Amino acid sequence: MNKSIAGKLLRTYLTIILSMIVAGIFCLYVLHMSRAGNEEMVKNNLPSIDELKLMKGDMLELKKLSNSWAFAPNKRDKERLDVLLQNELPGIKIRLQLLSTQWKNNSEIVALDKIYAQYDSTIAAVNNIISILTNDYAVANEQAMEKVDVLNRTIAKTISANDKQIGSLITIKQESLIQQQEHIAYLMRMLYIMLSCTMVLIITVSIFSLRYSENKIAKPLLELQKSILMMAQGQVLPVTVSKRNDEIGQIQNAISIMIEGVLEKIHFAENIGKGHYDQEFALLSEQDKLGTSLVSMRNNLAKANHALLEQEHRLIEAQRIARIGNFYYQVAEESYQSSETLDEILGIREEGDKTMQNWMSLVLPEFKEQVFTAAKHAIKENKLFSEQYKIHQYGTGKEIWVAVKGENNVDEHGRVVSVFGTMQDISETKTLELELNNSYHIATEQNKRLSNFSYIVSHNLRMHAVNIQGLLKLYQQSTKEKDKAEIFDLLLTAGGRLDETMHHLNEIIAMQGTLKVEVVALNLEKHIAHTLNALNVQISGKDAKIISHVGPTATVNYNPAYLDSVLLNLISNAIKYSYPGRRPEVVIDFYAAGGSDTNYSSILQVRDNGLGIDMKLHGHKLFGMYKTFHKNPDAKGLGLFLVKYQIDAMGGKIEVESEPNNGTTFKVYIK
Amino acid sequence: MSKVLIIDDDKIFQFILKKRIENINDSIEILTAENGHEAIALFESMLAEQQPLPQDVFIDLNMPVIDGWQFLDEIEKLIPDIANKVNIYVCSTSIAPDDKVRALGYNIVKDFLIKDIADEDLVRIIYELTGKA
């Protein structure tokens, strides 16, 4: 039989109906038995007992009559005897014979046969007495009387036996009646029990049937309903495959397959979403509309993605060629995402290392302030960030110029949450730009010098010309000889100064005309000794103390004439502008240029304890032409101008530290 | 009595200007200073002794210690209303236009004169000073 639910239910109901039929049949049987018993009792047993009782009475009466009549015959007794013998007793016998045909108990029939025999002998004896006594003479006949007497005694004996026999038969009959009643009562009890059992059975089977329905039908159906409702709401949970072979099992398996199909599609769609376009996907059937749509969507997306990748590839290539990288910086995370080119520029390649801190650590120290300030400003004011700075490439340590631009993205409160921007490696253009700037700077410098020169020429030459002219005019106008002599002296002085100025100008023109100056390795100590020798008069004149810490092996790459000029001017200045009353002391040092500035290899330092210069007042014109700062007759305002020019020409620079009354330190940076 | 001050480190120019002023009017008292520093000291002592200030000042630009520009800055700080009391004439051999523009930018500078100072300018200045036509 099929294991279907309908089958199971049918079996349950069949069991109930069958048990009801069994109970009904038993019921009918008991009713039938009871009715039959009752009928038997009414039709046979009760009348039989009544007839037996009648016979018993009649027989006792017969005994009494036959006895009494034998002693005193009378008409009334005779009539009674006749009625008994001819009507009542034969009637009883016939009725009993009829009833006894229905009797089933053999002992009863045997007992009845005995009763019949006694009855017959009694009747025969009574009839014998009657026939004896009917003769008139018989009364006198002693013999006859004796015969009667014997007969009466026999009758008495027989009837008393008969009476006992009937009594016992009545007792048997009554007992059988009781037995029959007890049997019916037993059957009735059985009926009650049977009915109770049937009811209990029906209730039990019903309960089990309901339980079964609930567990095996209602609950699984509810579970399935839940799954379907969840699916209707868009949730998808896998349903296990059922081992049941019935309708619910089949429904569950169908749903399981359906959900599995949906899950597979979800997985497929998710993979499409993640960009995995090469995933295999098996359609559920030819009619799988959703599957077909998904596959076609996947194909379209793959095509679009391919085009996008192509575009992206070109963009990346373009960025690589242009050396432009892009970045996306999230302020809260402090980390950035970047393109390959940006990673190449910075040298930071590990995702975990892409933090703003690491990026900033690559910025060269001299640019840090600039970058931080600009970044802070850009984020605070929500402005475009655009800066050019130098970095140490991570790993290689190479110095690279970068141009970084960043645009802010703000949240609803206007706070900057992220920055998107570009970084370009501009080392090539920057180098060119710097070279250009340098050329421009040199050109400007030269231009400045040129205009300075024309200024000097106009100023100094005119000054002397004006003076000579003025003196000549006064000479013309003056009448006193004393005045004339004075004017003439001044004219001589003015002429001398004009000549001196012309020499200076010659010197400067000669120097400025030289474009390329020879540079050779020079022993610094030797050149210092040479200079000190040349300044011997001044040194001894002022009792100056010269201390040189320059070793015998110190070497500089310089133009010999320039080195001599620089040493002569700086040392002579140090002696010349001594502090009144203080013994001049000049300390010469030579040491390697440390720090980050790698443009210079060493520094020549000349320190004095002289007058000092008010840097606030004169700092800006210290190296100008014809600038003098002390009221000193030997100050010509040319020395430092030349020194500066010569140091510049050697690719170096000069720095001054000074405090009025405390002395001056000149630092000459040598390339 | 009229008083003028010549500030110039060029002794020859000092001598020439002094002689030319004396030739125009020999009653004028002529003071000289070699640089801005000396001139400031002179002004300070005159203020301290409550002497009359010079009505006219001729000042050169290129001088040691304190040059003409620094003098102008200093004197403006020392005597804020100096423009009402003293006529300052900046004298220079420079024909560079920058210096002239810069000098006339000072409120206290009355005029910019190119050395040597033209006769008519000097005569006019001295006449303005002494009141003679």
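The values are calculated or read from the model by the stated rules, or taken from the named source; none is laboratory data. Source: prediction; values computed, not measured. Don't worry about glycine lacking a Cβ; one is built from the backbone with ideal geometry, like all the others, and counts go over all protein chains shown. Heads up: the accessible areas ignore ligands, DNA and RNA and are worked out on the full protein's heavy atoms, side chains in. Shrake-Rupley method; radii C 1.70, N 1.55, O 1.52, S 1.80 Å.
For residues in the stretch A:17-34 being surrounded by fewer than 16 Cβ atoms within 10 Å (Cβ to Cβ) and more than 12 Å from residue A:187 (Cα to Cα), which is nearest to the chain's Cα centre (by Cα)?
A:17
As an exercise: evaluate residue A:417 against (1) touching a residue at least 60 places away in the same chain (Cβ under 8 Å); (2) under 36 Å from the mean Cα position of the chain (by Cα); (3) open to solvent by less than 40 Å² (accessible area, probe 1.4 Å) and give the number of the one condition it does not meet.
(3) is the only condition that residue A:417 fails.
Filter the stretch A:531-552 down to the residues that are out of contact with any Ser or Thr (no Cβ under 9 Å at 6 or more places or on another chain) and closer than 16 Å to residue A:604 by Cα, then identify the one that is least open to solvent (accessible area, probe 1.4 Å).
Result: A:550.
Give A:172, A:178 a once-over and let me know the one that is closer than 30 Å to residue A:63 by Cβ and aliphatic (A, V, I, L, M).
Residue meeting the stated conditions: A:172.
When you check residue A:434 against the structure, is it within 14 Å of chain B (Cβ to nearest Cβ), out of contact with any Leu (no Cβ under 8 Å at 6 or more places or on another chain) and among the hydrophobic types (A, V, I, L, M, F, W, C), yes or no?
Here the answer is no, as residue A:434 does not meet what is asked.
Would you pick out the residues in the stretch A:221-244 that are in contact with a Ser or Thr (Cβ under 8 Å, 6 or more places away or on another chain) and either open to solvent by 60 Å² or more (accessible area, probe 1.4 Å) or not β-branched (Val, Ile, Thr) (or both)?
Result: A:237, A:238, A:240, A:241, A:242.
Which one of these is over 60 Å from the mean Cα position of the chain (by Cα), more than 20 Å from residue A:173 (Cα to Cα), of a type outside the set (A, V, I, L, M, F, W, C) and open to solvent by less than 100 Å² (accessible area, probe 1.4 Å): A:67, A:38, A:45, A:105?
A:67
Just to be sure before I move on: is residue B:76 among the charged types (D, E, K, R) and more than 13 Å from every other protein chain (Cβ to nearest Cβ) in the structure I sent?
yes
Give the stretch A:553-567 a look and list any residue that's open to solvent by 10 Å² or more (accessible area, probe 1.4 Å) and among the hydrophobic types (A, V, I, L, M, F, W, C), or say none.
Answer for the stretch A:553-567, where residues must be open to solvent by 10 Å² or more (accessible area, probe 1.4 Å) and among the hydrophobic types (A, V, I, L, M, F, W, C): A:554, A:561.
Only residues that are open to solvent by 60 Å² or more (accessible area, probe 1.4 Å) and touching a residue at least 40 places away in the same chain (Cβ under 8 Å): list them for the stretch A:79-97, please.
Within the stretch A:79-97, just A:95 meets the criteria.
Residues of the stretch B:1-51 being among the hydrophobic types (A, V, I, L, M, F, W, C), open to solvent by 20 Å² or more (accessible area, probe 1.4 Å), in contact (Cβ under 8 Å) with a residue 60 or more places away in the chain and away from chain A (no Cβ under 13 Å), which ones?
none
Being under 21 Å from residue A:373 (Cβ atoms) and either acidic (Asp, Glu) or in contact with a helix residue (DSSP H, G or I) (Cβ under 9 Å, 6 or more places away or on another chain) (or both) is the requirement here; does residue A:421 meet it?
No.
Can you pull out the residues in the stretch B:80-99 that are over 20 Å from residue B:51 (Cβ atoms) and either crowded, with 18+ Cβ neighbours inside 10 Å or away from chain A (no Cβ under 14 Å) (or both)?
B:89, B:90, B:91, B:92, B:93, B:94, B:99
Please work out which one of (1) over 30 Å from residue A:376 (Cα atoms); (2) touching an Asp or Glu at 6+ places or on another chain (Cβ under 8 Å); (3) touching a residue at least 60 places away in the same chain (Cβ under 8 Å) is the condition residue A:460 fails and give its number.
(2)
Considering only residues that are more than 14 Å from residue B:11 (Cβ to Cβ) and open to solvent by 100 Å² or more (accessible area, probe 1.4 Å), look in the stretch A:474-505 and name the one that is nearest to the other protein chains (Cβ to nearest Cβ).
Among those that are more than 14 Å from residue B:11 (Cβ to Cβ) and open to solvent by 100 Å² or more (accessible area, probe 1.4 Å), it is A:477.
What number goes with the only condition from (1) surrounded by fewer than 16 Cβ atoms within 10 Å (Cβ to Cβ); (2) away from chain A (no Cβ under 14 Å) that residue B:57 does not pass?
Tallying (1) surrounded by fewer than 16 Cβ atoms within 10 Å (Cβ to Cβ); (2) away from chain A (no Cβ under 14 Å), residue B:57 fails exactly one: (1).
If you scan the stretch A:586-600, which residues turn out to be surrounded by fewer than 17 Cβ atoms within 10 Å (Cβ to Cβ) and more than 60 Å from the chain's Cα centre (by Cα)?
A:589, A:591, A:592 - these are the residues of the stretch A:586-600 that are surrounded by fewer than 17 Cβ atoms within 10 Å (Cβ to Cβ) and more than 60 Å from the chain's Cα centre (by Cα).
Looking at residue B:74, is it open to solvent by 50 Å² or more (accessible area, probe 1.4 Å), at pLDDT 90 or above and farther than 23 Å from residue A:473 by Cα?
Spelling it out, it is not the case that residue B:74 is open to solvent by 50 Å² or more (accessible area, probe 1.4 Å), at pLDDT 90 or above and farther than 23 Å from residue A:473 by Cα.
Select from the stretch A:631-659 the residues that are crowded, with 17+ Cβ neighbours inside 10 Å and within 14 Å of another protein chain (Cβ to nearest Cβ) and write down the one among them that is modelled with the highest pLDDT.
Checking each candidate, the answer is A:640.
Residue A:198 - would you say it is part of a helix (DSSP H, G or I) and surrounded by 12 or more Cβ atoms within 10 Å (Cβ to Cβ)?
Here the answer is yes, as residue A:198 does meet what is asked.
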